[in-house]
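Encoded as structure tokens, the structure appears first; notes follow it.
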Amino acid sequence: MIQNFITMNGYGLFVWLSFAVTFLACVMLYYKTYKTLKKYEKDFAKELNKLSDSERKLALQKSKIASQVLASYNKSI
């Protein structure tokens with residue numbers, strides 16, 4: 001029963017290989033996206049630190065996401 005499921009009437013190699021390739025592609029895409037996001041968060045934090053205190057407060061008040069980005073950036077350091 002299990003062997004029939006794994007071999008899938010001779011097509012098992014192609015099916016399981018396609019599952020593995022798809023899973024690997026999804027993992028690689030996730031890693032690349034995560035890495036890019038962290039890079040943009042780091043760049044954003046650097047740009048925000050260049051601003052004066054009053055400009056920084058104004059930018060944080062206007063932006064809904066800025067405080068969340070900085071909070072997650074500070075946790076990852």
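Nothing in this text is a laboratory measurement; each read-out follows from the coordinates by a stated rule. The shown structure was predicted, so the numbers you read here are calculated from the model rather than taken from an experiment. Here Cβ is always computed from backbone atoms with ideal geometry, including for glycine, and neighbour counts include all displayed protein chains.
Values computed for the structure shown
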| item | result |
| --- | --- |
| Within region 4-48, tally of residues that are more than 28 Å from the chain's Cα centre (by Cα) and not β-branched (Val, Ile, Thr) | 9 |
| All helices (runs of 4 or more DSSP H) inside the chain with 1 or more residues being of a type in the set (Lys, Arg) and surrounded by fewer than 10 Cβ atoms within 10 Å (Cβ to Cβ) | 12-50, 53-62, 66-76 |
